[in-house]
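The values are calculated or read from the model by the stated rules, or taken from the named source; none is laboratory data. Please read these numbers as outputs of a predicted model, since none were measured by experiment. Cβ: placed from backbone, ideal geometry, glycine included. Neighbour counts: every protein chain shown. For accessibility, only protein heavy atoms count, side chains too; no ligands or nucleic acids. Shrake-Rupley method; radii C 1.70, N 1.55, O 1.52, S 1.80 Å.
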Amino acid sequence: AKMAADDMKKVRIFVVGDPGVGKTTLIQLLCHNKLLSNPSSTIGCALEVKLHDYSKYQGHSQAFFVEFWDIGGSPNYRNGRTVFYNQIHGIILVHDLTNKKSYENLRKTWLPEVLAQGKRNSVPSTQFTKLEGEFDPEQFVGQNVPVLIVGMKQDLLSSITTRGERQSNSSNDMINVDGKQINEFAIGSAKMIKMNNFLDKVIEQKYFPKPVQAPTSSSERRRVSKQAVHLQPQSPPQSPTSN
């Protein structure tokens, strides 16, 4: 028998980043395979839903609803948008590949904002001791909220493979996206595989969590922190120089 929608399990993913970086474009492409030629600014929050088949469930697949909460990035709404940060199961941090500051703000502004407010809204956590201002990735270890970093506007970069593109290709928690290509998340593509792996990770943390052992040595803590938040010490791709 077909499972009723009300009985289907769901996870909630927050999509955050500076205004105009391409959050809405990303979500529309991912959820509806739809290109946006002139997306409007998101005021407050917009919600889109995608059906995801989790294939590791007891030898067969199980369908989950994935909610993408598109959070408006304007500083004018900073105080108001914090009311949305409840039940954080995953975070997608979005930046503009041609705007270095939008990448730096992921670490300086967006991740601390989401996680700090998530703590105030009673998200389970054991390691929230330093979240204001400059973010220390080691504070994220043990928090167990999967994070994916997406660089948008890849079409505006030089045709030469950039350092950021090589970094994205080699990292499981980073994707660079051309929001003008309808097949960016084609079934079986490398980017879709990365996205599906991230969604699987979000579902596993929510419904099939594994015991997490705290790293013992300082080198082990550094290794785990780099895996948990791939924002440091790598540099963002450089903006193309204009003549």
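Going through the range 21-69 one residue at a time, which ones are of a type in the set (G, A, S), touching an Asp or Glu at 6+ places or on another chain (Cβ under 7 Å) and under 17 Å from V177 (Cβ atoms)? Full working, then the answer.
The initial filter retains those residues of the range 21-69 that are of a type in the set (G, A, S), namely 22, 37, 40-41, 44, 46, 55, 59, 61, 63.
Retained after the next criterion (residues that are touching an Asp or Glu at 6+ places or on another chain (Cβ under 7 Å)): 22, 46, 61, 63.
Matches in the range 21-69: G22 only.
For the list (1) part of a strand (DSSP E or B); (2) touching a residue at least 12 places away in the same chain (Cβ under 8 Å), I need the number of the one condition that L30 fails.
Unmet condition: (1).
Considering the range 35-74 alone, what residues qualify as being open to solvent by 80 Å² or more (accessible area, probe 1.4 Å) and touching a residue at least 40 places away in the same chain (Cβ under 8 Å)?
K56, the sole residue that qualifies.
Name the residues in the range 106-133 that are open to solvent by less than 60 Å² (accessible area, probe 1.4 Å), over 12 Å from I149 (Cα atoms) and at pLDDT 80 or above, would you? Walk me through it before giving the result.
Step one: of the range 106-133, the residues open to solvent by less than 60 Å² (accessible area, probe 1.4 Å) are 106-107, 109-118, 121, 123, 125, 128, 131, 133.
Narrowing further to those that are over 12 Å from I149 (Cα atoms): 109, 112-118, 121, 123, 125, 128, 131, 133.
Once the filter is applied, which keeps residues that are open to solvent by less than 60 Å² (accessible area, probe 1.4 Å), over 12 Å from I149 (Cα atoms) and at pLDDT 80 or above, the range 106-133 yields T109, P112, E113, V114, L115.
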